[in-house]
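The values are calculated or read from the model by the stated rules, or taken from the named source; none is laboratory data. Quantities reported herein were computed from a predicted structural model and do not represent experimental measurements. Here the Cβ positions follow ideal geometry from the backbone for every residue, glycine too, while neighbour counts run over all protein chains shown. Remember, those area values only see protein heavy atoms, side chains included, never the ligands or the DNA or RNA. Shrake-Rupley method; radii C 1.70, N 1.55, O 1.52, S 1.80 Å.
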Amino acid sequence: KKYQCCIFMPDDQAQEKTDTLRSLGARVAHCKNVSMADPSHYCRAAENAADDPALEGRGFFANQFENTANFLAHFSGTGEEILRQTNGKVDAFVSAAGTGGTIGGVGARLKAHNPDVKIILADPPGSALAGKASLGVLWTREDREGYRRRRKTE
């Protein structure tokens, strides 16, 4: 089957990301980069589009930031696969993060197998999770509405 896909994303993402998604056949909807509480936030826009009655039940909102299936899929899937392919001998796992589902799920599974394994976040300066790792906080006063830098690395 050929399924239609529409990806909602902030309008300040790399053009290459949009180009790649479109080359794979997705429709890309850019949304202004606003607070998560704003109804025009890309997650809210995606949720509203999925609930559109015109789609007649064909829309689906994955809610990847809040859906525990994201974490669990990487815990029981990716984490298990890594342990199987390495015969359980893993010293460290390095990952970037978007929603945190991969590093969280894989990290938890590897730690359950070996509490001494190192879990390393490789995110660029300015990312929320890199801020948490380096500053110990996920949010700073500079992140409040009206004060956020246009690009997080500025």
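Here the 3J(HN,Hα) profile of the range 108-123, calculated from phi with Karplus coefficients 6.51, -1.76 and 1.60 at θ = phi - 60°, is 5, 5, 5, 5, 5, 7, 8, x, 8, 4, 8, 10, 10, 8, 10, 10 Hz, Gly and Pro shown as x. Based on the Cβ-Cβ distance from Thr86 to Gln64, what FRET efficiency comes out when R0 is 25 Å, to the nearest 0.05? That pair, Thr86 with Gln64, gives E of 0.40.
Taking 0.36 nm per residue of separation and subtracting the current Cα-Cα distance, fully stretching the chain between Val28 and Asp11 would add 5.1 nm.
Shown here for the range 37-84: trypsin sites (Lys or Arg not before Pro) in loop regions (DSSP other than H, G, I, E, B) with at most 11 other Cβ atoms within 10 Å, namely Arg58. Excluding ligands, DNA and RNA, the accessible surface per residue across the range 1-108 is 68 Å² with a 1.4 Å probe. Measuring from a point 7 Å past the Cα of Met36 along Cα-to-C-beta, which residues in the range 101-126 have an amide N at less than 14 Å? Output list for this probe position: 101.
Phi angles of the range 37-48 translate, via the Karplus equation with coefficients 6.51, -1.76, 1.60 and θ = phi - 60°, into HN-Hα couplings of 6, 6, x, 9, 4, 4, 5, 5, 4, 5, 4, 5 Hz per residue; Gly and Pro are given as x. Annotation for the range 18-104: GluC sites (Glu not before Pro) lying in DSSP loop with at most 10 further Cβ atoms inside 10 Å of their Cβ are Glu56, Glu66. Across the range 6-16, rounded Karplus estimates of 3J(HN,Hα) from the backbone phi angles (6.51 cos²θ - 1.76 cosθ + 1.60, θ = phi - 60°) give 10, 9, 9, 8, x, 6, 9, 6, 4, 4, 4 Hz, Gly and Pro being marked x.
When +1 charges are put on Lys and Arg Cβ atoms and -1 charges on Asp and Glu Cβ atoms, the dipole computed for the range 41-96 relative to its Cα centre reaches about 220 debye.
Rounded to the nearest 10 square angstrom, His74 shows an accessible area of 40 square angstrom against a 1.4 Å probe.
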